[in-house]
């Protein structure tokens, strides 16, 4: 049985004085079969409480846990 890929990735963005923001991967979200909700699975919680969900794009590679130059 194949493992279902997530529909969304969950991130938080850390702003830094004089530097580019850092996007930190928090986990993933999976849409319910009926489309009326989703399960969000987090490996960490953001300090500011803000979670950004972006569509999951599978490019055949593992995404790094910390991303810069997104958005």
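Every number here is computed from the coordinates shown, using simple stated rules; none is lab data. Computed from a predicted model, the values in this text were never measured in an experiment. Using ideal geometry, Cβ is built from the backbone for each residue, glycine included, and neighbour counts are taken over all protein chains shown.
Table for the structure above
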| read-out | value |
| --- | --- |
| Global form of segment 1-45, assessed from the alpha-carbon gyration tensor, a/c cut-off 1.5 | prolate |
| Exposure proxy ranking, count of Cβ atoms within 10 Å, fewest first, for 17, 48, 25 | 17, 48, 25 |
| Neighbour-count order for 12, 3, fewest beta carbons within 10 angstrom listed first | 3, 12 |
| Net lengthening on full extension, residue 44/residue 25 (0.36 nm per residue, minus Cα-Cα) | 6.0 nm |
